[in-house]
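Read through the structure below, which is laid out as structure tokens, and then see the notes.
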Amino acid sequence: MKSVIKRSFSDFFFEYETPRQVLVKNKRVAVVCRIIQLGVLSYIIGWVFMYEKGYQTVDTAISSVFTKMKGVSYTNISGKERIWDVADYVFPEQGDSSFVVMTNYISTEGQKQGKCPELPDGKNNCTSDTACDEGKYKRQMTGKCNTNTSTCEIYSWCPVEDDREIPNPPILRTAENYTLFIKNSITFRQFNVVRSNLVESVNQSYISKCLYHSQTDPLCPIFRLGDIVEHSGFNFSEVARVGGAIGVLIDWDCNLDLNIRHCKPKYEFYGLYGTGKNDQEEKPSLGYNFRYAKYYVEDKLEKRTLMKVFGVRIDIIVHGRAGKFDIIPTLTAIGSGVGIFGVATVVCDLLLLYLLPKRDFYKSMKFKNTEDQEENPTLPPSQKERELPKE
Amino acid sequence: MKSVIKRSFSDFFFEYETPRQVLVKNKRVAVVCRIIQLGVLSYIIGWVFMYEKGYQTVDTAISSVFTKMKGVSYTNISGKERIWDVADYVFPEQGDSSFVVMTNYISTEGQKQGKCPELPDGKNNCTSDTACDEGKYKRQMTGKCNTNTSTCEIYSWCPVEDDREIPNPPILRTAENYTLFIKNSITFRQFNVVRSNLVESVNQSYISKCLYHSQTDPLCPIFRLGDIVEHSGFNFSEVARVGGAIGVLIDWDCNLDLNIRHCKPKYEFYGLYGTGKNDQEEKPSLGYNFRYAKYYVEDKLEKRTLMKVFGVRIDIIVHGRAGKFDIIPTLTAIGSGVGIFGVATVVCDLLLLYLLPKRDFYKSMKFKNTEDQEENPTLPPSQKERELPKE
Amino acid sequence: MKSVIKRSFSDFFFEYETPRQVLVKNKRVAVVCRIIQLGVLSYIIGWVFMYEKGYQTVDTAISSVFTKMKGVSYTNISGKERIWDVADYVFPEQGDSSFVVMTNYISTEGQKQGKCPELPDGKNNCTSDTACDEGKYKRQMTGKCNTNTSTCEIYSWCPVEDDREIPNPPILRTAENYTLFIKNSITFRQFNVVRSNLVESVNQSYISKCLYHSQTDPLCPIFRLGDIVEHSGFNFSEVARVGGAIGVLIDWDCNLDLNIRHCKPKYEFYGLYGTGKNDQEEKPSLGYNFRYAKYYVEDKLEKRTLMKVFGVRIDIIVHGRAGKFDIIPTLTAIGSGVGIFGVATVVCDLLLLYLLPKRDFYKSMKFKNTEDQEENPTLPPSQKERELPKE
């Protein structure tokens, strides 16, 4: 018994089986078949390996973004001069990847808690107190109808905000000239690579004077707000008036088989929603605005200045992808390739066995039938075959 | 030499090799084998191609979210009427994808820098000044023990906040009726597709009156806060009192081989941590609160109103995935499929060669042994073989 | 016709073809070939299946983070005592995944809108009004040159901020002792698994007293700010003075084939940009600061306290990845493996047919040529062959 195992083991190790093939010397089939095989080969090499880099394993980046706006605006509203600096127009202040630059606003100063009539915007009309009695959930009614404005009196921060008209032109039209500085750090965990958008060629002296331009300065991390808006397909004065949201995409597509220096960001800009071109139908909710309040205490009374802010909302989105040679995807691609080669053989065989005039001949060459031999199975036919040459 | 190369080249091009096969006419093996092969085939076609859409290449979305709350609350605390609007209860104000809606608070008004006794919450008791001498890092002691409260005196914003009792019921219980409007834009970079959650059927007039309902209005982007909380498995009044965090998942699963109109978002809600059902043991840190201060100057002195805010924190999470037909994954799937077909053949062969009674016969049919011929290797046997038919 | 179809159908089902093989009894080739095959097999089993877990399908997490700082600082600036608590030093206040802890600042109190000379920092010198006439876009000039400071007069919030000197040592040096509590919830959509960083062993009593330590308490979700900074490779006092950005990575690498209890987070810390080690050349933009303003009304006049805040910016980044057994990747891996097996056979064949001395013999064994038979194609040779044994 032991010797049987030993023999099978040695058989396994010292024997090697390889498929027997028919060499079909038929030019037509051969040429077709070689062409198919070359096609498969060139597909695997050209497309999978060269173009799609199928030999690489891919990692997506985890990233961190820090932004800083610069610039000052000067407004003169009916003789009242005012300067707006970064602390005044950026929300939130700490340099997030998503922030809003105020370009227009409706300010309601000195609001305090109290009772006052609703805005006479046509929707809240009343003629007598009875119309103001019902408990609508959106506003807290006092039950009185103000005869001057013909609107119901409500509990509210008073006076109520009047946002019926958006200032036109936008108050901070000069926001166009603000600059945005973006710092972006990405990490490819799998490859242990950390990279910043301040790449090798972007040094201190370059940063101090550069301004992003898609052609001449594609790596400068300082952007003019007006440029960002224009690049995204919007019209600045329109966006500045009613607000709009813009995505700034930092696209990293790195081939880490090359020098790390070639791993550079690409900046792209696009309108997220809002007053874009011909999307009246598809995107019904235009503009961008939000309200915030500056609270203060005056004469022991809490007051606030309510601001309805229209502005450019910028979302910085990082899309990082790096590829590097790895044995697993390489072998998977090769394995699949060999599989597809098998498909090529199947196609050629179909041609050979079903379409050629001499198909029966090829069939008999390719296939050995077990039927006949089953009649006299005592002696395996291959042994007979093997003995024949000795005759 | 040149002719040798030429000949091998023409040989390569005009010859074509195809494996020789044995046609085994054995019903048992054949049926088993065909069943295995059909199983593999139906797995490849049914599962890989139809169900998992293995012929598609997949891209994940990059997205941008903008939110807007609406609604007003009215409170009457010991006769002091007050209205709370969006600027008062949303943090941060600018419509981020992650924000907090205040539903309850502990307010400490008129704090100013100074010295005052610690809160007598039982942990900071003292009987004499000596107990207050040590330099604990959390509080800056003055070294005195206040005899009224029996607590140490500290440098602090005074008076210190008393958060021993959380108001119950929550002060802004009516937050339940606030509505949340979500705008979400997603981009599939690879397919150059941009899509918004305001899909075709969600037009201006629909938005102005709709409210999200999982059955009747699954695409309406306006949500009632109370509904969100209930959908996520929480109890609103409980969450409103101590706070809680809720994830709103916008799930895009798009098949871009179909019309883009079928690419629609699905909204899901779930409690992130907090007062969920029976998770007392597993998630020890319940509730959600944070502190913020409103600063002001009164009588040349900086003061602040400290707010301990309890609220519903909403994290909007976008999960986008789109598939589209692509030749690479298709061929990879086919290649793997052919490989698995090979496995089927191996299984059938094992059956044929090791389990059947006539296994030796089939072995001799399948394998040609090189051993015997090695004895007289001068003449290749295949040539003999080939000559034989001519005899 | 019908019977023909029926016969082909029964042929298909009751016949089974298996490739004919040559059993090469050549030790050298066999051993080489078996070694290659074993190599492929052990690669597939060991690397693809065991190490890379190729039998698993992989999902990335969607996550939500909530943070809470704790700690109080005491400063004494020229006799003016002041306490800083969470509401004073964290931006934004609501516990975002990305926030700033103030460690140093330059405060400009009582700014109001007006005209004042620019900061005499050497860049804005003027000797006469003419030098201040031009319309630089960054500042709004009044056109006058202030003779005291020798700088142009501008419209601005006055007095202008003097940020020429950053306080050293940092004012809130004790920020080192603040603690950060991180709550993180992750969801693997595909596997329907929700998980929190407060894992089983992190219960209420443990949280109340633990502090993260990479060796002894790797799961404690409470971190000392000083530790975070040191772990990330920075020097705390340097970062505290000029600011710096730190990434806190929560890394989840879960094998869901095991018990869910083994799915635990790992915390890592690294400097994102800023005053790291020997990166003077590569990362030119050091430090981290931003400006914000606290507005108030005094004597009917809007004023503000401008703060230039230097601080530790912490970005919490979650990287979640879970694998679970799935039939598709398993079969894909097996399929590719069989394909690579084919490659092994091809390599062995090359060896056999082109390098061995007896290559012609093996060639004749492996290949059957169709050429000779083409001369008398009337009778398929295989039939002759088959008849031969009967002789």
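The values are calculated or read from the model by the stated rules, or taken from the named source; none is laboratory data. Values in this document were obtained by computation on a predicted structure and should not be read as measured data. A quick note on method: Cβ atoms are made from the backbone with ideal geometry, for glycine too, and the neighbour counts reach across all protein chains shown. What goes into the accessible areas is simple: the full protein's heavy atoms, side chains included, and nothing from ligands, DNA or RNA. Shrake-Rupley method; radii C 1.70, N 1.55, O 1.52, S 1.80 Å.
Just one of the numbered conditions (1) on the phi > 0 side of the Ramachandran plot; (2) in contact with a strand residue (DSSP E or B) (Cβ under 9 Å, 6 or more places away or on another chain) is not true of residue A:169; which one?
Failed condition: (1).
Going by the structure shown, is residue B:317 within 30 Å of residue B:255 (Cα to Cα), modelled with pLDDT of 85 or more, in contact with a strand residue (DSSP E or B) (Cβ under 9 Å, 6 or more places away or on another chain) and not acidic (Asp, Glu)? Talk me through it step by step, then tell me what you get.
Working: within 30 Å of residue B:255 (Cα to Cα): yes; modelled with pLDDT of 85 or more: yes; in contact with a strand residue (DSSP E or B) (Cβ under 9 Å, 6 or more places away or on another chain): yes; not acidic (Asp, Glu): yes.
Yes: the conditions hold for residue B:317.
Name the single residue that is farthest from the other protein chains (Cβ to nearest Cβ) among those in the range C:88-127 being basic (Lys, Arg) and without any contact (Cβ under 8 Å) to a residue 60 or more places away in the chain.
Step one: filter the range C:88-127 for residues basic (Lys, Arg), giving C:112, C:115, C:123.
Remaining after also requiring without any contact (Cβ under 8 Å) to a residue 60 or more places away in the chain: C:115, C:123.
Numbers: C:115: 9, C:123: 12 Å.
Of everything passing the filter in the range C:88-127, C:123 is farthest from the other protein chains (Cβ to nearest Cβ).
Only one of B:278, B:376, B:369, B:289 is at pLDDT below 75, open to solvent by less than 40 Å² (accessible area, probe 1.4 Å) and not charged (D, E, K, R); which? Full working, then the answer.
Values: B:278 fails: open to solvent by less than 40 Å² (accessible area, probe 1.4 Å); B:376 fails: open to solvent by less than 40 Å² (accessible area, probe 1.4 Å); B:289 fails: at pLDDT below 75.
Answer to the check: B:369.
Restricting the search to the range B:77-93, which residues are assigned to a strand (DSSP E or B) and closer than 28 Å to residue B:66 by Cα? Working first, answer last.
Applying the first criterion (assigned to a strand (DSSP E or B)) to the range B:77-93 yields B:77, B:80-84, B:90-91.
Across the range B:77-93, the qualifying residues are B:83, B:84, B:90, B:91.
With respect to the numbered conditions (1) touching a residue at least 12 places away in the same chain (Cβ under 8 Å); (2) within 13 Å of chain C (Cβ to nearest Cβ), which one is the sole condition not fulfilled by residue A:192?
Answer for residue A:192: the failing condition is (1).
Name the strands (runs of 3 or more DSSP E) wholly inside the range C:4-70 in which the number of residues that are more than 9 Å from every other protein chain (Cβ to nearest Cβ) is 2 or more. Let's see the steps before the verdict.
Details: elements: C:16-19, C:21-24, C:56-60, C:62-70.
It comes to C:56-60, C:62-70.
Name every residue in the range B:310-331 that is more than 8 Å from chain C (Cβ to nearest Cβ) and buried (at least 21 other Cβ atoms within 10 Å of the Cβ), in order of residue number.
B:310, B:311, B:312, B:314, B:316, B:318, B:320, B:322, B:323, B:331
Which condition number does residue C:179 fail, the rest of (1) of a type in the set (Val, Ile, Thr); (2) in contact with a Phe, Trp or Tyr (Cβ under 8 Å, 6 or more places away or on another chain); (3) open to solvent by 60 Å² or more (accessible area, probe 1.4 Å) being met?
That leaves (3) as the condition not met.
So which residues in the range A:70-87 are touching a strand residue (DSSP E or B) at 6+ places or on another chain (Cβ under 7 Å) and either free of Cβ contacts under 8 Å to residues at least 40 places away in the same chain or not β-branched (Val, Ile, Thr) (or both)? Give the steps one after another, and end with the answer.
Kept after step one, since they are touching a strand residue (DSSP E or B) at 6+ places or on another chain (Cβ under 7 Å), are these residues of the range A:70-87: A:70-75, A:81-87.
Scanning the range A:70-87 gives A:70, A:71, A:72, A:73, A:74, A:81, A:82, A:83, A:84, A:85, A:86, A:87.
If you go through the range B:43-56 one residue at a time, how many are of a type in the set (Val, Ile, Thr) and either modelled with pLDDT of 90 or more or under 16 Å from residue C:326 (Cβ atoms) (or both)? Steps first, please.
At the first step, the residues of the range B:43-56 found to be of a type in the set (Val, Ile, Thr) are B:44-45, B:48.
Right, trim to either modelled with pLDDT of 90 or more or under 16 Å from residue C:326 (Cβ atoms) (or both) and you get B:44, B:48.
The total comes to 2.
In the range A:239-256, is there at least one residue being farther than 30 Å from residue B:196 by Cα and either in contact (Cβ under 8 Å) with a residue 60 or more places away in the chain or not in a strand (DSSP E or B) (or both)? Step through it out loud before you land on a result.
First pass over the range A:239-256, keeping only residues farther than 30 Å from residue B:196 by Cα: A:255-256.
Within this subset, residues satisfying the condition of being either in contact (Cβ under 8 Å) with a residue 60 or more places away in the chain or not in a strand (DSSP E or B) (or both) are A:255-256.
Looking for residues that are farther than 30 Å from residue B:196 by Cα and either in contact (Cβ under 8 Å) with a residue 60 or more places away in the chain or not in a strand (DSSP E or B) (or both), one finds at least one in the range A:239-256, hence yes.
Being crowded, with 16+ Cβ neighbours inside 10 Å and either among the acidic types (Asp, Glu) or part of a helix (DSSP H, G or I) (or both) is the filter here; which residues of the range B:148-162 pass it?
Start the filter on the range B:148-162 by keeping residues that are crowded, with 16+ Cβ neighbours inside 10 Å, which leaves B:149, B:151-161.
Correct list: B:153, B:161.
Restricting the range B:44-58 to residues that are on the phi < 0 side of the Ramachandran plot and touching a residue at least 40 places away in the same chain (Cβ under 8 Å), which is surrounded by the most Cβ atoms within 10 Å (Cβ to Cβ)?
Going through the range B:44-58, the residues on the phi < 0 side of the Ramachandran plot turn out to be B:44-52, B:54-58.
Subset that is touching a residue at least 40 places away in the same chain (Cβ under 8 Å): B:44, B:48-49, B:54-58.
Numbers: B:44: 21, B:48: 23, B:49: 17, B:54: 21, B:55: 21, B:56: 19, B:57: 18, B:58: 13.
Per the stated criteria, the residue is B:48.
From the set of residues in the range C:87-124 that are among the hydrophobic types (A, V, I, L, M, F, W, C) and more than 30 Å from the chain's Cα centre (by Cα), which is modelled with the lowest pLDDT?
Let us first name the residues in the range C:87-124 that are among the hydrophobic types (A, V, I, L, M, F, W, C), namely C:87, C:90-91, C:99-102, C:106, C:116, C:119.
From what is left, the residues that are more than 30 Å from the chain's Cα centre (by Cα) are C:87, C:106, C:116, C:119.
Values: C:87: 90, C:106: 94, C:116: 88, C:119: 85.
Among those residues, the one meeting the criterion is C:119.
Name the single residue that is farthest from residue A:67 (Cα to Cα) among those in the range C:295-309 being facing another protein chain (nearest Cβ under 7 Å) and either hydroxyl-bearing (Ser, Thr, Tyr) or open to solvent by less than 20 Å² (accessible area, probe 1.4 Å) (or both).
Ranking the qualifying residues of the range C:295-309, first place goes to C:296.
Which pairs do you get when a residue that is free of Cβ contacts under 8 Å to residues at least 40 places away in the same chain and more than 30 Å from residue B:104 (Cβ to Cβ), found in the range B:309-333, comes within reach of a residue that is open to solvent by less than 30 Å² (accessible area, probe 1.4 Å) and of a type in the set (A, V, I, L, M, F, W, C), reach meaning Cβ atoms under 6 angstrom, with the pair 6+ apart or on two chains?
Sorted first by the residue in the range B:309-333, then by its partner, the pairs are B:331/A:340.
Of everything in the range B:183-227, what is in a strand (DSSP E or B), open to solvent by less than 20 Å² (accessible area, probe 1.4 Å), closer than 25 Å to residue B:271 by Cβ and not charged (D, E, K, R)? Give them in sequence order.
Result: B:184, B:186, B:223.
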